[in-house]
Amino acid sequence: MVAALAGTGTELGGAIAAAREHRVEPVGLLFGAALPAGTVDRDAFERMLRGLVERARAASTLDGLVLSLHGAMVVDGHPDPEAEIVAALRAVLGDLPIGVALDYHANVSLDLARSADVLCGYRSYPHVDMAERGAEALELVVRMARSDTRPDRHLVKLPLLTVPHAQEDAVAPMRQLLAAADALRAEPDVWAASALPGFAYAETDRLGFAVYLAARSRAADRARELASLVWARREDFAAPLVGPDQAAAAATMAPYPVVLVDVADNVGGGSPGDGTALLHALARARATGSVAVIWDPAAVERAYDVDGARLAVPVGGHSDPRMGPPYPAAGPVRRYGAVSYLRGGTYMRGQRVDMGRVVVVEDPIGELVLTERRVVPFDDDHLTAVDVHPRSARAIVAKGAIAWKAAFGGYAARAIYTRTPGYCPAAVDQLDYRSRPAPCTRWSATPTGRRRWARRSRCPHDRLIRPGHSLISVDDQGAATD
Ligand SMILES: [Zn+2]
């Protein structure tokens, strides 16, 4: 596992590199990952957790633990899986320092913040700092192990759901909020400071913007200070979208390439990747020179079943009626056997990706890349691997919110964020949540209207808190509900 992940631009790749720098021997326990999709099976989760705990128990010489947990997993029958993972390892490893690297989209719970000694959330979107955050988690774990100290931790969960396309790190409001977190982190006794927008498209009661602070002193005050800034900028998370027809029409005009951002069919957010709204709109606009990737194993199968240099096949729209009617693709066809490549860009560099068999149809609107497996636009290698060259395209349909910038951002002339149907829609208030926390419209960083959680007696890890350091607390927004 260590050999496979060393040198990759992932959290564990970064942790392994930092371990060597700090003369620490990295010991791999267990690694598993999946492209975001539906709820994780109970059995799969339990089997992996058992395997992880058994390996932790068998590795008797551990001095500290770094976990890469993402933080937005949803598991059947396990409402807070990341907290459960840390608690299960804690039960085996006792007071061993545990540092957790988390995604920008983590839905952090109080239990997770409390059971881990430190959380290191990404500070970039697109997520190009995964390796740095893994390295940071390792460095903090080493610091804890060598000094036998622990920081105070404080979590504020704000009643604020934001959509991915409004969370870009280089744009307001996240740009200013991340800078404020950086300024806090630069203070000498602060160990970690994270502003994590979270992932709104999950059926869980852990939704909400999380602000996390780990410091030797004033963790709660500093966390509330940062949370106040987030709250003050909440209106700035509204990001308007353009309808598919208007977007497609705009994409027929220079400068090129134009990225048509299919925000709702965000594959990295768990949407299927077979939405056709933009294909139909491009056809209506008589666009040419476009590039689009569609997950369609049946169309790939059909392309292999028939001979000939041309193909007519309905593509996309097969997973769910909301993904639109299939698009009638027709034109010269190129067939590729199982395609696999290593990501070469800034996003999860070095990770191997398996696209399955791929068929490219040279349709009047452009090259339609039909894949057997779902593919995320985190790099442009998935296109060049099948001889598609997005730099010279007129329009690139990107099924993602912001992550596509790691792939096409360097040469895209423009981006148009479009209002498409899909599993990650811009209007979260129209989603039929069953278990999200009760909405509330007021929040205050002052103690008024806030209930302090200090369930010392119920926390199994009190012993980790050094004398004179307060137990982690959280601002409970229930009390602030209008
Ligand atoms: Zn993310």
Mind running the shape call on the stretch 254-347? Use the C-alpha gyration tensor, a ≥ b ≥ c as the square roots of the eigenvalues: rounded below 1.5 for a/c, prolate if a/b tops b/c, oblate otherwise. rounded
Sulfur and carbon atoms: percent of accessible area, the chain [1.4 Å]: 52 percent
Estimated inter-spin distance, ALA232 and GLU46, nm [label 7 Å along Cα→Cβ]: 4.9 nm
Would you please put 176-182, 34-40, 3-9 in order of how densely packed they are, using the mean number of other Cβ atoms within 10 angstrom per residue and starting with the highest? 176-182, 3-9, 34-40
Once the whole set of protein chains is in place, how much accessible area is left on MET323, using a 1.4 Å probe, in Å² to the nearest 10? 0 Å²
Hey, got the dipole for the stretch 244-425? About the Cα centre, +1 on K and R Cβ, -1 on D and E Cβ, debye to the nearest 20? 400 debye
Using a cut-off of 15 Å between beta-carbons, work out the net charge of the residues near ARG436 (Lys and Arg +1, Asp and Glu -1, ARG436 not included). -2
Taking every pair of Cα atoms in the stretch 183-237, average 1/r, invert it to obtain the Kirkwood radius, and report Rg/Rh to two decimals. 1.03
Surface accessible to a 1.4 Å probe, per residue, for the residues of the stretch 1-111, Å²: 46 Å²
Ordering PHE199, PHE31, PHE209 by accessible area with a probe of 1.4 Å, largest first, what comes out? PHE31, PHE199, PHE209
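Calculate the FRET efficiency for ARG352 and VAL27 from the Cβ-Cβ distance with a Förster distance of 22 Å, rounded to the nearest 0.05.
The formula returns an efficiency of 0.45 here.
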What distance in nm lies between label points placed 7 Å from Cα along the C-beta direction at TYR341 and GLU187? 4.6 nm
Below 15 angstrom from the Cβ of ALA202, what's the summed charge of the other residues (Lys, Arg +1; Asp, Glu -1)? -3
Based on Cβ point charges of +1 for Lys and Arg and -1 for Asp and Glu, what charge dipole magnitude is obtained for the chain about its Cα centre, in debye rounded to the nearest 20? 880 debye
Once the dipole of the stretch 27-115 is set up from charges on Cβ (+1 Lys and Arg, -1 Asp and Glu), the residue from the list GLY94, LEU62, VAL40 lying farthest towards its positive end is LEU62
Angle, helix 174-185 long axis vs. longest principal axis of the chain, Cα atoms, 0 to 90°, nearest 10? 30 degrees
Under 13 Å from the 7 Å Cα→Cβ point of THR39, by amide nitrogen: which residues of the stretch 194-223? 202-205
Leaving out ligands, DNA and RNA but keeping every protein chain, what accessible area does SER435 have, in Å² rounded to the nearest 10, with a 1.4 Å probe? 40 Å²
Quick one: 3J(HN,Hα) in Hz for the stretch 48-60, Karplus 6.51/-1.76/1.60 with θ = phi - 60°, rounded, Gly and Pro as x. 5, 5, 4, x, 5, 5, 4, 5, 5, 5, 6, 8, 6
Quick one: 3J(HN,Hα) in Hz for the stretch 406-411, Karplus 6.51/-1.76/1.60 with θ = phi - 60°, rounded, Gly and Pro as x. 5, 8, 10, x, x, 10
To test your reading of the geometry: what angle, between 0 and 90 degrees and rounded to tens, separates the Cα axis of helix 81-93 from the longest principal axis of the chain? 40 degrees
Probe 1.4 Å, all protein chains in place: accessible area of ASP379 in Å², nearest 10? 0 Å²
Tabulate in residue order the Karplus-calculated ³J(HN,Hα) for the stretch 10-16, using 6.51 cos²θ - 1.76 cosθ + 1.60 with θ = phi - 60°, rounded to whole Hz; enter x for Gly and Pro. 10, 4, 6, x, x, 5, 5
Per its Cα gyration tensor (rounded if a/c is under 1.5, else prolate when a/b beats b/c, else oblate), the stretch 244-425 is best filed as rounded
Leaving ligands, DNA and RNA out of it, rank LEU226, LEU161 by accessible area with a 1.4 Å probe, largest first. LEU161, LEU226
Within the chain, percent of DSSP bridges classed antiparallel, to nearest 5: 55 percent
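Rounded to a whole number of µm²/s, how large is the Stokes-Einstein D of the chain at 10 °C and 1.306 mPa s, given Rh as the Kirkwood radius over C-alpha pairs?
Here the translational diffusion coefficient equals 68 µm²/s.
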Starting from the Cα of ALA91, step 7 Å along the direction of its Cβ; do the same at ARG414; then give the gap between the two resulting points in nm. 5.7 nm
Quick one: order ARG335, ARG55, ARG123 from most to least accessible surface, probe 1.4 Å. ARG55, ARG335, ARG123
Got the relative contact order for the chain handy, in percent, Cα pairs under 8 Å and 6 or more residues apart? 17 percent
Sorted from largest down, give the three principal axis spans of the alpha carbons of the stretch 61-217, whole angstrom values. 44, 41, 26
Can you tell me the Rg and Dmax of the stretch 1-88, counting just the alpha carbons, in angstroms? 13.9, 40
Listed residues GLY410, VAL261, GLY308: farthest to the positive end of the dipole of the stretch 244-425 (Cβ charges): GLY410
In Å², rounded to a whole number, the accessible area per residue of the stretch 135-203 with probe 1.4 Å is 32 Å²
Using modelled backbone amide H atoms (1.01 Å from N, in-plane), which distant-in-sequence or interchain residues come within less than 5 Å of ALA395's amide H? VAL258, SER290, VAL291
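The values are calculated or read from the model by the stated rules, or taken from the named source; none is laboratory data. Please read all numbers here as calculations on a predicted model, not as lab measurements. Note: ideal-geometry Cβ built from the backbone for every residue, glycine included; neighbour counts use all protein chains shown. When the accessible area is computed, the model is the full protein with side chains, heavy atoms only, and any ligands, DNA or RNA have been set aside. Shrake-Rupley method; radii C 1.70, N 1.55, O 1.52, S 1.80 Å.
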